[in-house]
Amino acid sequence: MASLQLSSHFLGTNTKKHSSMSISRTYSPVPCTRLLSRKFMSCSMSMNGCEGDFRKPLGTAETRTMAAVLSPSAATESLISAVSELRSQPPLFSSGVVRLEVPINQQIGAIDWLQAQNETHPRCFFSRRSDVGRPDLLLDLASENGNGDSSSDRDLVSVAGIGSAVFFRDLDPFSHDDWRSIRRFLSSTSPLIRAYGGMRFDPHGKISVEWEPFGAFYFAVPQVEFNEFGGSSMLAATLAWDDELSWTLENAIEALQETMLQVSSVVMRLRRESLGVSVLSKNHVPTKGAYYPAVEKALEMIKQKSSSLSKVVVLARNSRVITDTDIDPIAWLAQLQSEGHDAYQFCLQPPGAPAFIGNTPERLFQRNQLGVCSEALAATRPRGASPARDKAIENDLRTSLKDDLEFSIVRENIKEKLNSICDKVVVKPQKTVRKLARVQHLYSQLAGRLRREDDEFDILAALHPTPAVCGLPAEEARLLIKEIESFDRGMYAGPIGFFGGQESEFAVGIRSALVEKGLGALIYAGTGIVAGSNPTSEWNELDLKISQVRLVYLIFDLPPMAVNAPLSSPATHPRTQFLSNPVLPRFRRSYSSVKSPAAFSVVSMAPQKKVNKYDAKWKKQWYGAGLFFEGSEEVNVDVFKKLEKRKVLSNVEKSGLLSKAEDLGVTLSSLEKLGVFSKAEELGLLSLLETLASTSPSGLGLGCTPALTAAIVAVVLIPDDSTTLVVAQAVLGGAFALGAVVLLVGSVVLDGLQEAD
């Protein structure tokens with residue numbers, strides 16, 4: 001039980017306290033209001049289940065299934081009729097929860113349905129990852145005990161919900177009493193009634209403004225829910241009431257009917273390609289200069305024999321991205337889902353709150369009746385550009401002593417914690433490599449059998465936080481994190497998932513971002529510091545992990561011919577993609593004797609005043625519209641300084657040439673495959689391009705006069721006495737004339753590019 005005691009700082013052990021600090025005490029039928037000048041929202045459309053008596057069972061908990069239909073619109077109509085029928089023949093109980101569900105005979109994306117709904121409602125989304133190719137240890141345990149496959153929803157792909165039939169939220173840490181309050185509204189006979197939500201990484205830490213609406217924890221049973229199965233779908237509505245909380249069945253029905261009238265049945269498949277926004281600024285907390293000393297400090301403490309922090313500590317970073325228009329968190333999540341089949345996707349958005357979204361590969365635990373499984377995931381490497389390179393990187397990961405140490409610490413710690421609450425623990429495999437779309441990790445699965453189903457709270461107490469997101473020992477690592485990190489992690493690295501009557505599942509909220517209108521996004525990532533860690537390598541690993549949740553087609557680097565830009569920041573903005581590509585080798589051409597000390601970021605059409613307006617303290621060097629350098633170091637970028645002095649790049653962008661080139665498949669990647677840039681580099685054509693781009697248009701225009709004169713001279717002076725001379729006359733005269741035309745047209749085009757607004 002030692003591990004449970006270590007985790008007491010992360011989950012509450014206190015009994016229920018009805019203090020004035022609890023959230024959302026008001027249930028009167030009025031619009032959502034602010035409490036205590038905070039952004040906590042008290043919404044008339046629900047009740048806070050934490051205020052109920054968890055010792056008193058509900059009067060009823062049931063699921064009513066209607067006849068299957070062919071479309072979401074038919075399902076909506078069926079649900080509206082079912083709610084009306086429930087109103088005319090209400091259950092005779094003072095408390096209860098009822099789920100009404102309508103199967104749909106076609107598979108529709110839950111995230112597509114969520115995008116179609118009114119964003120003013122509280123929202124949640126949870127997509128299970130694909131575990132194809134990995135052993136199902138829960139199924140193996142069930143088979144050993146003669147239970148077979150007891151899961152109720154093996155084909156459930158993802159769930160989206162709006163509103164809340166009942167929510168659970170408080171400022172105090174999540175306690176056993178809070179868990180019992182949630183369990184009160186769940187039932188093994190209604191397995192799809194679930195409470196979706198999450199908890200803070202450190203509930204005892206000071207809550208920053210952006211995380212206030214989430215409290216120390218937030219869970220909700222969705223009022224209207226869309227379930228996506230493999231091959232089918234389901235639309236459901238849930239009502240919950242408790243007369244003792246002044247929230248009657250009549251209140252619940254009225255609130256649900258109001259929400260149902262706003263449900264959209266017109267579901268369009270989301271585009272997974274582009275968000276259509278541009279980055280204005282990107283700032284890291286801590287900065288690179290502050291991160292290095294933090295790593296060194298952690299390493300010093302790990303080395304000290306007197307320090308109990310002898311194994312690992314995880315240091316995180318948040319990156320604030322400001323964009324020209326608001327980011328749609330659901331569209332962003334759809335992009336992550338399109339390439340993250342081997343990861344969980346989630347969205348959690350309480351009333352009046354930012355959206356917390358993520359694309360996490362790491363499972364905290366999954367419980368199916370008495371079976372529980374978890375996993376160890378640690379150490380990170382990028383994927384290779386070719387199978388051979390990918391295999392070489394995998395071998396390096398497998399044989400790295402530093403990474404093996406980090407992974408072994410995580411695996412053995414989870415095994416020890418499971419042993420404290422399970423009769424039997426299985427580890428399978430001991431160590432393997434798990435490959436994701438962009439990265440690969442060391443990985444192992446662990447499973448055990450709980451002594452009793454009520455031990456579910458102890459699973460959270462034992463497993464959160466894992467060494468992979470906090471450190472070991474956990475409390476010492478937490479204190480060091482609190483001392484070193486200058487930002488609030490909020491729910492980053494906290495448990496994110498659902499509680500259910502038969503089954504519960506939680507992921508670790510890493511590779512995540514907080515998205516709010518007008519404020520851009522905060523993107524979170526962390527790395528494990530162990531003996532042998534290198535600050536530069538850890539910083540690069542942060543960049544690599546952020547690529548899992550980065551704004552796809554939004555953040556991009558300077559074109560490769562400018563400086564020695566790092567490969568870790570792919571260029572994916574749709575209108576500048578041919579300027580840079582994530583798999584394109586960087587050119588090593590140097591345009592000055594000074595080596596570039598840092599990466600660049602190109603911002604599509606971002607005026608200097610607009611950037612300064614959003615972030616006046618941001619250090620930048622401006623090189624014209626659309627181009628600036630993050631940081632304060634001096635860097636020689638002659639090529640693009642010359643181009644942007646006359647707005648060449650900006651006006652090429654305005655003219656739409658980049659979009660047209662991409663539509664035709666003309667990208668840097670395709671040209672590089674043909675060896676065009678390599679050959680141009682060898683011949684010095686890039687230097688020639690630099691010279692031509694900075695040439696005066698009037699100079700080109702003047703050049704057409706001697707060319708035209710030479711054409712006339714060739715025709716006059718070369719005699720036409722023979723066929724050979726006539727051909728020579730025509731060739732030379734035509735060549736000079738064509739050159740004159742090219743120079744004239746070129747001067748006009750260059751003048752337009754350099755001078756147009």
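The values are calculated or read from the model by the stated rules, or taken from the named source; none is laboratory data. Predicted model, so just to flag it, every value in this text is computed and none were measured. Here the Cβ positions follow ideal geometry from the backbone for every residue, glycine too, while neighbour counts run over all protein chains shown. Side chains included, ligands, DNA and RNA excluded: accessible areas come from the protein's heavy atoms. Shrake-Rupley method; radii C 1.70, N 1.55, O 1.52, S 1.80 Å.
Going down the list LYS303/LYS482; LYS282/LYS391; LYS402/LYS545; LYS56/LYS482, which pairs span over 27 Å between their C-alpha atoms?
Over 27 Å Cα-Cα: LYS282/LYS391; LYS56/LYS482.
With the cut-off at 13 Å, report for the stretch 368-434 the share of all Cα pairs above it, as a whole percent.
Above the 13 Å cut-off, the stretch 368-434 has 67 percent of its Cα pairs.
For the stretch 357-412, with the dipole built from +1 on Lys and Arg beta-carbon atoms and -1 on Asp and Glu ones, taken about the Cα centre, which of LEU401, SER374, ALA385 lies farthest toward the positive end?
Projecting each Cα onto the dipole axis, the largest value belongs to ALA385.
Where the accessible area of the stretch 359-483 is counted over protein heavy atoms with a 1.4 Å probe, how much of it, in %, is carbon and sulfur?
That fraction is 50 percent.
What is the magnitude of the charge dipole of the stretch 156-262 about its Cα centre, with +1 placed on the Cβ of each Lys and Arg, -1 on the Cβ of each Asp and Glu, and no other charges, expressed in debye to the nearest 20?
Roughly 400 debye for the stretch 156-262.
In nm, to one decimal, how far is the LYS206 label point from the PHE93 one, both placed 7 Å along Cα→Cβ?
4.5
I'd like the carbon and sulfur percentage of the solvent accessible area for the stretch 693-745, probe radius 1.4 Å, heavy atoms only, ligands and nucleic acids excluded.
Carbon-and-sulfur percentage of accessible area, whole number: 80.
Compute the accessible area per residue over the stretch 450-512, keeping the other protein chains in place, probe 1.4 Å, unit Å².
On a per-residue basis, 22 Å².
So, in nm, how far is label LYS288 from label LYS391 when the simple model puts each one 7 Å beyond its Cα toward the Cβ?
Each label point is offset 7 Å from its Cα along the Cβ direction, giving 3.5 nm.
Counting other Cβ atoms within 10 Å, which trypsin sites (Lys or Arg not before Pro) in the stretch 193-248 have at most 12 and lie in a DSSP loop?
Filter output for the stretch 193-248: LYS206.
Which FRET efficiency value, to the nearest 0.05, do you get for THR536 and SER698 by plugging their Cβ-Cβ distance into 1/(1 + (r/R0)^6) with R0 = 51 Å?
It comes out at approximately 0.55.
Mind putting together the pair-distance distribution for the stretch 447-535? All Cα pairs, 10 Å bins, whole percent per bin, short to long.
13, 39, 31, 15, 2
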